[in-house]
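Below: one structure, written as structure tokens.
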Amino acid sequence: MVAVGSWFFISVTSSVRKSLAAIDAELPIWIGPFPLRELMAAMGNYWRLGDNAALFVVFGAIALLLASIGLFAVVAHAVQRRTREIGIRIAIGATARDVLMLVFRHGMRPSAIGMAVGLAGAIALRPTLSGQLVGVSAIDPVTLALAATVLTLAATLGCLLPAYRAMRVNPVVALRES
């Protein structure tokens, strides 16, 4: 039974190869295991430019999501550890705006430093990056401003929930529990 199935597959494969060769003799044909290396060589630069750009977008979005979640976790942990301090600040007269600014400064400072280092790295790696980018220069001001805006929004959202939790700290409960 297996021999008959194998014979049929070989027969169909050779028929398909002959038909495709009659249409275009230069057409690369692979039937069987998928040879990625040969396909990339046949496609040339089209593979590199299009798919690398798509991969950069996907991995960049995943990195942005993970960075936002990580920043949220760090700021939330810092707020939880500083609950007593925040309660004391509220008890002696700190307003909700003061607490909000305290938490935002704590969360946004590392983000601002990271953006400055990233911008300096993008400028320093301009020759390397220019070979990978399609349709945009390595230090395009619009692209860099858009990236900085998206990162700032992600950092702001990562700090927002812990800041609101900190603003609602009851000073009596915070001092009693600690």
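Annotations for the structure displayed:
Matching residues to (1) farther than 12 Å from residue 169 by Cβ; (2) in contact with a helix residue (DSSP H, G or I) (Cβ under 9 Å, 6 or more places away or on another chain); (3) not polar (S, T, N, Q):
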site: 79; (1), (2), (3): no, yes, yes
site: 83; (1), (2), (3): no, yes, no
site: 87; (1), (2), (3): no, yes, yes
site: 96; (1), (2), (3): no, yes, yes
site: 104; (1), (2), (3): yes, yes, yes
site: 108; (1), (2), (3): yes, yes, yes
site: 117; (1), (2), (3): yes, no, yes
site: 137; (1), (2), (3): yes, yes, no
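- Within the option set 118, 131, 107, being modelled with pLDDT under 90, under 18 Å from residue 158 (Cα atoms) and not polar (S, T, N, Q) holds for one residue only, 107.
- Within the range 9-28, being of a type in the set (Ser, Thr, Tyr) and at pLDDT below 70 holds for 11, 13.
- Some residue of the range 147-158 being surrounded by fewer than 14 Cβ atoms within 10 Å (Cβ to Cβ), at pLDDT below 90 and over 18 Å from residue 67 (Cβ atoms): no
- Any chance residue 118 is more than 30 Å from residue 85 (Cβ to Cβ), in the same structural domain as residue 71 (by TED's automatic domain parsing) and not polar (S, T, N, Q): yes
- Residues of the range 57-79 classified as surrounded by 12 or more Cβ atoms within 10 Å (Cβ to Cβ) and not small (Gly, Ala, Ser), total: 7
- Selection status of residue 173, more than 31 Å from the chain's Cα centre (by Cα), in contact (Cβ under 8 Å) with a residue 40 or more places away in the chain and surrounded by fewer than 14 Cβ atoms within 10 Å (Cβ to Cβ): yes
- Selection status of residue 124, exposed (fewer than 14 other Cβ atoms within 10 Å of the Cβ), in the same structural domain as residue 140 (by TED's automatic domain parsing), without any contact (Cβ under 8 Å) to a residue 12 or more places away in the chain and not hydroxyl-bearing (Ser, Thr, Tyr): yes
The values are calculated or read from the model by the stated rules, or taken from the named source; none is laboratory data. The structure presented is a predicted model; accordingly, all values stated were derived computationally and were not measured. Cβ coordinates were reconstructed from backbone atoms using ideal geometry, including for glycine residues, and neighbour counts include every protein chain displayed.
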